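Heads up: the structure comes next, in structure tokens.
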Amino acid sequence: MELIRLEEKHLPDFLTAIKLVMTDADMLHMEVDKLYKEAISDPERFIREQDDPLGLGADIEMPDGTFVKRLPSIVRHMWDGEICGRIGFRWNPGTTDLPPTCLGHIGYWILPHKRRNGYASLALKLMLDEARKVGLPFVDLTTDPENISSQSVIKKNGGEFLNQIPLPPQHGEGQIMYWRIKL
């Protein structure tokens, strides 16, 4: 498995992957559905915004319908001959702080049939190199309290549990667990 930049030639594979994710009960359907619609409606912009280290892309629509300024970010796709997952890294230049609308520096998902192959652990390890390049001393990640697999991925990469708090209102209801990986 390797991390790749999404290119136009990968778009059909990405759309197939997104359809699989949309049927997975463990995924946040609103966010995945939004990705699918963005990729279909303006493929060039969608691909361009996968690599936005200056944060120049369009504002981000939150699950509650509000908009926030895009942070610098990069998104890579896990590839083993086909797209098997996605991982993104975002940061706020000059600080380790993130706005309250951003649930962590790094987020990822794996297609259901590609889980338990070590892809998420490897992808996170590779993305930590990107975080080091921008000079962060640590990254924060979040998981749902029930997502034991994701918690295991974070722990394998040196993550330590920080706390569990209510989700920020822009993201809905429930609890979220915060984790930190020192770089």
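Among residues of region 101-121 that are without any contact (Cβ under 8 Å) to a residue 40 or more places away in the chain, those with a beta-carbon under 6 Å from a residue that is among the basic types (Lys, Arg) and not in a loop (DSSP other than H, G, I, E, B) at least six positions away or on a different chain give the pairs Ser121/Lys156. Summed over region 128-143, the residues that are touching a Gly at 6+ places or on another chain (Cβ under 8 Å) and either loosely packed, with under 13 Cβ neighbours inside 10 Å or β-branched (Val, Ile, Thr) (or both) give a count of 2.
In region 42-59, the residues that are on the phi > 0 side of the Ramachandran plot form Cβ pairs under 6 Å with partners that are assigned to a loop (DSSP other than H, G, I, E, B) and aliphatic (A, V, I, L, M), at six or more places apart or across chains, as follows: Gly55/Leu71.
In region 104-142, the qualifying residues are those that are of a type in the set (Gly, Ala, Ser) and under 13 Å from Asn92 (Cα atoms), and the one that is nearest to the chain's Cα centre (by Cα) is Gly104. For region 115-167, a residue qualifies if it is small (Gly, Ala, Ser) and in a helix (DSSP H, G or I), and the qualifying residues are Ala120, Ser121, Ala123, Ala131, Ser149, Ser150, Ser152.
With respect to Lys125, is the statement that it is within 30 Å of Thr16 (Cα to Cα), of a type in the set (D, E, K, R), out of contact with any Leu (no Cβ under 9 Å at 6 or more places or on another chain) and surrounded by 18 or more Cβ atoms within 10 Å (Cβ to Cβ) true?
On the way: within 30 Å of Thr16 (Cα to Cα): yes; of a type in the set (D, E, K, R): yes; out of contact with any Leu (no Cβ under 9 Å at 6 or more places or on another chain): yes; surrounded by 18 or more Cβ atoms within 10 Å (Cβ to Cβ): no.
Judged against the criteria, Lys125 is not a match.
For region 71-97, the candidate set comprises residues that are assigned to a strand (DSSP E or B) and small (Gly, Ala, Ser); within that set, the residue that is farthest from Lys125 (Cα to Cα) is Ser73. A count restricted to region 73-100 and to residues that are buried (at least 18 other Cβ atoms within 10 Å of the Cβ) and polar (S, T, N, Q) stands at 1.
Here Asn157, Asn117 are screened, and the one residue that is surrounded by 15 or more Cβ atoms within 10 Å (Cβ to Cβ), over 26 Å from Thr16 (Cβ atoms) and not aromatic (Phe, Trp, Tyr) is Asn157.
When residues in region 105-114 are screened for being part of a loop (DSSP other than H, G, I, E, B) and surrounded by fewer than 19 Cβ atoms within 10 Å (Cβ to Cβ), 0 of them pass.
Looking at region 56-72, can you tell me whether even one residue there is over 17 Å from Glu38 (Cβ atoms), surrounded by fewer than 19 Cβ atoms within 10 Å (Cβ to Cβ) and at pLDDT 95 or above? Yes. You will find that of Glu44, Glu146, the residue that is at pLDDT below 95 and either under 26 Å from Gly172 (Cα atoms) or surrounded by 13 or more Cβ atoms within 10 Å (Cβ to Cβ) (or both) is Glu146 and no other.
The values are calculated or read from the model by the stated rules, or taken from the named source; none is laboratory data. Worth saying up front: this structure is predicted, and the values here are computed from it rather than measured. In this analysis, Cβ positions are derived from the backbone assuming ideal geometry, glycine residues included, and neighbour counts consider all displayed protein chains.
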